[in-house]
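The values are calculated or read from the model by the stated rules, or taken from the named source; none is laboratory data. Values in this document were obtained by computation on a predicted structure and should not be read as measured data. Here the Cβ positions follow ideal geometry from the backbone for every residue, glycine too, while neighbour counts run over all protein chains shown.
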Amino acid sequence: MIKFVQQKSKNWTMESGNKVFDLTLLASSITNKFFIVTGFIERISKFHGKEFDEWFVKLFEDYTQDISTRYKTLDAAVDNLKYFVDSYLDDMNLDYSQFVDEAKATKSTILFHSDEIKLIIRLSSYLKLYSVFSNTVGLGLPLFLHARIYNKLAYDVLESDVVYKMYNVIRTKTFRYNLTDKAMWNYIKMVECKTIDSHIIEIFNFITNSILVLCKEDSNPISYFVGVVDESVKWFLRSVYKGSIIYDDSMSTEDIHSLNTDNLKTYAYNDTLGRLKGIAYGKIYDSLEEEASQKFKDGEVTGDNELVRFQNRVSDVKFVSPLCECIVFPILSKITSIPYIHFKTLSPEHSAVLSVYTYNLLTSVFKSSYKNLFFLLNYYPNSIPSLTTTYVAKNVHKYLDNMQELKQFYGFEAKMIGYHILSHYIGRITRADFHHIVTGKKLVGIPLSKTEIDAIDYFTRFFANKFVDEITQMKKIMEMDF
């Protein structure tokens, strides 16, 4: 029989006979309740016995051994996965009509029939087995391949009216809150750039990707969905009342009631930036956990203190670093094709974690070049950065040599214009009260001369469009992260 044993909050082992497999789970809603997944798989294992155990263990081994054939391996296993789940659920002989009260239905009721409830529970069960792969660090498929597997598992649901009804449940519940909190939603739209429509889409995606898998096979999934929607809206509104939205990933600068093409673009930009923020957080968390693990081996007991301190620190960041405006946003705009103006609406917290992520991208490609400039990306300003500066760059010869080679700076051929712009950049990024984003330590003493040389060379080449190859390399690294 297959058994799962939890070692740490995100670490599990899967055991079958004398075989033991380590699973390090992603930071997700599924991980928080992974015992629901493991319990279901153990019950299927007990029901089917050796036949299921051998099939699932071989699938896991084949999948993990060769990264190039992972999609093909899972794709070929979908039919067997459905067979084992369907056989188990058929044997349970559940009465799905118990979750439907048609007598209370009216013309305006969004009614899920018993056969539709059955489809939802079956899809949830399929996703539980699939989540062992999709929710494990290093085992997830690229997004477009993940979507293919998901759609194949959800084929029966997609062919029915279930998806449309689920969306309408979310939409109806959310708009109901608008009737009681209309002033707050208007405030959110104007100040936080978050509309009801975008919230509905985010909740729908959250439910289909992270909540559906957690439904229990003998419980009403619709009641569960409704509870998630309620809690989501309450949490969202409550967080605005408190004055901050910690995990808000909306950066729209356009009115959501404008053209549909603009809505779609805005949502696509928001979705990409939201995912990028999650990736950036994940990499920082992984780094802190690795460091904590090493300290633990060396006899230092740290626990999760560093993670907690980091989260508290980054949540309290109040100012966007001038390096984000001069380096991070332009680079990420080039890589993602998201207009620079959308990055300008990012919160200080969001900007800080993206700054660390961008530092890792830049150093992966540029290696030790511009190290005196790039290391500042690991810092955030603890006071309001200067908007203007009287700083004058000292390394005039370096600037003139670059202009002689490159012929233009940001479209300007006149050398003095570029020189004044560069002086403004360098003055802003070297006159801030910097603290390290991860450790919180204050930066004492910037090597001004070396930083200035790096800044002059970097900015003149970047704005002369001389980093095309490097940006392409960074784009490939980011695509792998996605």
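Could you list, in sequence order, all residues of region 161-189 that are modelled with pLDDT under 60 and not in a helix (DSSP H, G or I)?
Selection gives D181 alone.
Return yes when V100 is more than 28 Å from the chain's Cα centre (by Cα), without any contact (Cβ under 8 Å) to a residue 40 or more places away in the chain and on the phi < 0 side of the Ramachandran plot and no when it is not.
On the way: more than 28 Å from the chain's Cα centre (by Cα): yes; without any contact (Cβ under 8 Å) to a residue 40 or more places away in the chain: yes; on the phi < 0 side of the Ramachandran plot: yes.
It is true that V100 is more than 28 Å from the chain's Cα centre (by Cα), without any contact (Cβ under 8 Å) to a residue 40 or more places away in the chain and on the phi < 0 side of the Ramachandran plot.
For region 389-407: of the residues being among the hydrophobic types (A, V, I, L, M, F, W, C) and surrounded by 15 or more Cβ atoms within 10 Å (Cβ to Cβ), which is farthest from A455 (Cα to Cα)? So that I can check it myself, show each step before the final result.
In the first step, residues of region 389-407 are kept if they are among the hydrophobic types (A, V, I, L, M, F, W, C); the result is 392-393, 396, 400, 403, 406.
Filter again for surrounded by 15 or more Cβ atoms within 10 Å (Cβ to Cβ), leaving 393, 403, 406.
Numbers: A393: 10, M403: 14, L406: 15 Å.
Step by step, filter region 389-407, then rank; the result is L406.
Could you tell me which of the residues T439, T363 is modelled with pLDDT of 80 or more, among the β-branched types (V, I, T), assigned by TED's automatic domain parsing to the domain that holds S321 and within 24 Å of A464 (Cβ to Cβ)? So that I can check it myself, show each step before the final result.
Numbers: T439 fails: within 24 Å of A464 (Cβ to Cβ).
The conditions single out T363.
Here's the yes/no breakdown for (1) modelled with pLDDT of 70 or more; (2) under 30 Å from I41 (Cβ atoms); (3) out of contact with any Leu (no Cβ under 7 Å at 6 or more places or on another chain):
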position	(1), (2), (3)
E192	no, no, yes
I203	yes, yes, yes
V228	yes, yes, yes
S258	no, no, yes
L276	yes, no, no
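Would you list the helices (runs of 4 or more DSSP H) that sit entirely within region 1-65 and hold 3 or more residues that are out of contact with any helix residue (DSSP H, G or I) (no Cβ under 8 Å at 6 or more places or on another chain)? Spell out how you get there, then give the answer.
Details: elements: 29-32, 34-48, 50-65.
So the answer is 34-48, 50-65.
Suppose we filter region 64-103 for residues that are among the charged types (D, E, K, R) and farther than 20 Å from F144 by Cβ; how many remain?
So the first thing to find is which residues in region 64-103 are among the charged types (D, E, K, R), and the list is 66, 70, 72, 75, 79, 82, 86, 90-91, 95, 101-102.
Narrowing further to those that are farther than 20 Å from F144 by Cβ: 79, 82, 86, 90-91, 95, 101-102.
Adding up the residues that qualify gives 8.
Sort out which residues of region 135-160 are part of a helix (DSSP H, G or I) and either over 19 Å from the mean Cα position of the chain (by Cα) or within 24 Å of D218 (Cα to Cα) (or both), and write them in order of number. Can you show your working first?
Within region 135-160, the subset part of a helix (DSSP H, G or I) is 143-153, 155-158.
Correct list: R148, I149, Y150, N151, K152, L153, Y155, D156, V157, L158.
If you scan region 449-482, which residues turn out to be part of a helix (DSSP H, G or I) and basic (K, R)? Step through it out loud before you land on a result.
In the first step, residues of region 449-482 are kept if they are part of a helix (DSSP H, G or I); the result is 449-463, 468-481.
Within region 449-482, K450, R461, K475, K476 qualify.
Can you run down the residue pairs with Cβ atoms below 6 Å, 6 or more apart or on separate chains, where the first is in region 33-55 and surrounded by 13 or more Cβ atoms within 10 Å (Cβ to Cβ) and the partner is acidic (D, E)?
Every condition considered, the pairs that remain are S45/D53.
What about S125, is it under 26 Å from N32 (Cβ atoms), in a helix (DSSP H, G or I), of a type in the set (S, T, Y) and in the same structural domain as E51 (by TED's automatic domain parsing)? Explain how you work it out, then say what you get.
Details: under 26 Å from N32 (Cβ atoms): yes; in a helix (DSSP H, G or I): yes; of a type in the set (S, T, Y): yes; in the same structural domain as E51 (by TED's automatic domain parsing): yes.
It is true that S125 is under 26 Å from N32 (Cβ atoms), in a helix (DSSP H, G or I), of a type in the set (S, T, Y) and in the same structural domain as E51 (by TED's automatic domain parsing).
Filter region 446-482 down to the residues that are basic (K, R) and over 26 Å from the mean Cα position of the chain (by Cα) and list them by number. Show your work before the answer.
Within region 446-482, the subset basic (K, R) is 450, 461, 466, 475-476.
If the condition is that a residue be basic (K, R) and over 26 Å from the mean Cα position of the chain (by Cα), then K450, R461, K466 are the ones that fit.
Every residue in region 371-388 that is among the hydroxyl-bearing types (S, T, Y) and either surrounded by 22 or more Cβ atoms within 10 Å (Cβ to Cβ) or not assigned by TED's automatic domain parsing to the domain that holds A455 (or both), please. Full working, then the answer.
So the first thing to find is which residues in region 371-388 are among the hydroxyl-bearing types (S, T, Y), and the list is 379-380, 383, 386, 388.
Within region 371-388, Y379, Y380 meet the criteria.
So which residues in region 330-348 are crowded, with 19+ Cβ neighbours inside 10 Å, in a helix (DSSP H, G or I) and either in contact with a strand residue (DSSP E or B) (Cβ under 9 Å, 6 or more places away or on another chain) or modelled with pLDDT under 90 (or both)?
Of everything in region 330-348, those that are crowded, with 19+ Cβ neighbours inside 10 Å, in a helix (DSSP H, G or I) and either in contact with a strand residue (DSSP E or B) (Cβ under 9 Å, 6 or more places away or on another chain) or modelled with pLDDT under 90 (or both) turn out to be H342, F343.
Kindly indicate whether any position in region 391-413 is of a type in the set (G, A, S) and modelled with pLDDT of 85 or more.
no
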